[in-house]
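Student: My questions will all concern the structure given below.
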Amino acid sequence: MDAIRIERLSKTFSGGASAAGRKALDEINLRVGSGEMVALIGASGSGKSTLLRHIAGFVASDPQPSQIEILGRPIQQNGRIVREVRRIRRDIGFVFQQFNLVHRLSVETNVLIGALARLPLWRRLTGCFPRSERELCVAALTEVGIGDKAAERAANLSGGQQQRAALARALVQRARLILADEPIASLDPESSRRVMDMLRMLNRDHGLTVVVSLHQVDIAMQYCPRTVALRDGRVVYDGPSAALTPALLRQLYGSAARELLEPDAAHAITQRFGARLNTA
Ligand SMILES: Nc1ncnc2c1ncn2[C@@H]1O[C@H](COP(=O)(O)OP(=O)(O)OP(=O)(O)O)[C@@H](O)[C@H]1O
Ligand SMILES: [Mg+2]
């Protein structure tokens, strides 16, 4: 079964940068099989975050014939998000560039939040988690390499450790699909490598489907067998990551290819625009 199936997805934002009627997403068709690990690349403003938000049912598409299915169940259709969206979202773990954890809570509590949807109401109201869930939480934190941080306040973790805690939360949630929107954009190379290693571990060892948006093509090539490349809201490439040579990237993106080939340029651009777009 496909983990994600998208048919004819378009999105036009009213006002802002898209005031001229330019589509943020333009007739996207995409299928991601269960167990795949796919990179989503594209220059700043190409539509990566917008696409991931539609897949999660956070944003409704244009009111035209279209469909997004998660593991065989529609999450939105023809511009309307389905009523059972919360139930479908239980299968999805999210990792964002920032704002992943509640800073004032402990790491353990943040990870246990992943279990909330599966627990009866009284446990949710009292915050009284069964021992089995706490054990699952410690196991997940250990698996992502921060087992010693359970009691720490989330605010005290480094950026990379926070991202790994977000992955532990997805494990505790028993998510089947991970949507990660530039999870390494604010991290140094060593922390980036660790977070990508953990995403790969979730994919290989736990069979989770992973879609991860990235600015750097070299990381996509290293970790993801398949890359989907967006430009101005359209899929301009969908195939093996290994085939994404600098020449092909220049053909697809023109001078904007620099942003994808030189991580420093990507970093500078993310610093300038990332925060604004990610809080939009
Ligand atoms: N809430 C919004 N209102 C209006 N326009 C928006 C909104 N969100 C995104 N857009 C526009 O949609 C287009 C795609 O933006 P998106 O954030 O998806 O790009 P991105 O590929 O994630 O970029 P980045 O690499 O900088 O994160 C841009 O032109 C952006 O300005
Ligand atoms: Mg983005």
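The values are calculated or read from the model by the stated rules, or taken from the named source; none is laboratory data. Fair warning: this is a prediction, and the values are worked out from it, not measured in the lab. With ideal geometry, Cβ positions are generated from the backbone for all residues, glycine too; neighbour counts draw on all protein chains shown. Heads up: the accessible areas ignore ligands, DNA and RNA and are worked out on the full protein's heavy atoms, side chains in. Shrake-Rupley method; radii C 1.70, N 1.55, O 1.52, S 1.80 Å.
Student: What is the distance in Å between the Cα centroid of segment 100-126 and that of segment 23-60?
Tutor: Centre-to-centre (Cα) distance: 28 Å.
Student: In the chain, if the dipole is taken from +1 on Lys/Arg beta carbons and -1 on Asp/Glu beta carbons about the Cα centre, which of G254, L187, S213 is farthest to the positive end?
Tutor: Final value for the positive-end residue is S213.
Student: Counting pairs of Cα atoms in segment 1-133, how many percent are more than 25 Å apart?
Tutor: On the way: 3362 of 8778 pairs.
Across segment 1-133, Cα pairs with separations above 25 Å total 38 percent.
Student: Please work out how much accessible surface H103 shows to a 1.4 Å probe, ignoring ligands, DNA and RNA, in Å² rounded to 10.
Tutor: 90 Å²
Student: Something else about it: In vacuum, with every alpha carbon of the chain counted as one equal point scatterer, what does the Debye formula give for log10 I(q)/I(0) at q = 0.08, 0.09, 0.11 Å⁻¹? Two decimals, please.
Tutor: After summing over all Cα pairs, the log10 values are -0.32, -0.41, -0.62.
Student: Tell me, in nm to one decimal, what length is gained between Q77 and D232 on full extension, where the rule is 0.36 nm per residue of separation less the Cα-Cα distance?
Tutor: Computed gain between Q77 and D232 is 53.6 nm.
Student: Excluding ligands and nucleic acids, what accessible area in Å² is computed for R250 using a 1.4 Å probe, to the nearest 10?
Tutor: Counting only protein heavy atoms, R250 exposes about 140 Å² to solvent.
Student: Dipole of segment 101-175, Cα-centred, from +1 at each Lys and Arg C-beta and -1 at each Asp and Glu C-beta, to the nearest 20 debye?
Tutor: 260 debye
Student: Right, something else. Highest first, please rank the peptides 256-262, 223-229 by the mean number of other Cβ atoms sitting within 10 Å of their residues.
Tutor: Final packing ranking: 223-229, 256-262.
Student: Suppose every K and R has +1 on its Cβ and every D and E has -1 on its Cβ; what is the size of the dipole of the chain about the Cα centre, in Debye to the nearest 20?
Tutor: About 920 debye.
Student: Something else about it: Note down the magnitude of the dipole of segment 45-164 about its Cα centre, charges +1 on Lys and Arg C-beta and -1 on Asp and Glu C-beta and zero elsewhere, to the nearest 20 debye.
Tutor: Working: 18 positive and 10 negative charges, 77 e Å.
Here the size comes out at about 380 debye.
Student: Would you compute the Debye intensity of segment 109-192 from its alpha-carbon atoms alone, equal scatterers and no solvent, and pass along log10 I(q)/I(0) at q = 0.14 Å⁻¹ to two decimals?
Tutor: Log10 I(q)/I(0), no solvent term: -0.49.
Student: On to the next question. Collect residues whose amide H, placed 1.01 Å from N in the peptide plane, falls under 5 Å from the amide H of S66; neighbours closer than 5 in sequence don't count.
Tutor: N78, G79
Student: Return the calculated 222 nm mean residue ellipticity for the chain, to the nearest 500 deg cm²/dmol, obtained by summing -39500 (n - 2.57) across DSSP H runs with n ≥ 4 and dividing by the residue count.
Tutor: -10000 deg cm²/dmol
Student: For V235, V82, give me the order by solvent-accessible area with a 1.4 Å probe, most accessible first, ignoring ligands, DNA and RNA.
Tutor: V235, V82
Student: Which Cα, out of L177, V144, A155, lies furthest along the positive dipole direction of segment 100-196 (beta carbon charges, K/R +1, D/E -1)?
Tutor: The one lying farthest along the dipole's positive direction is L177.
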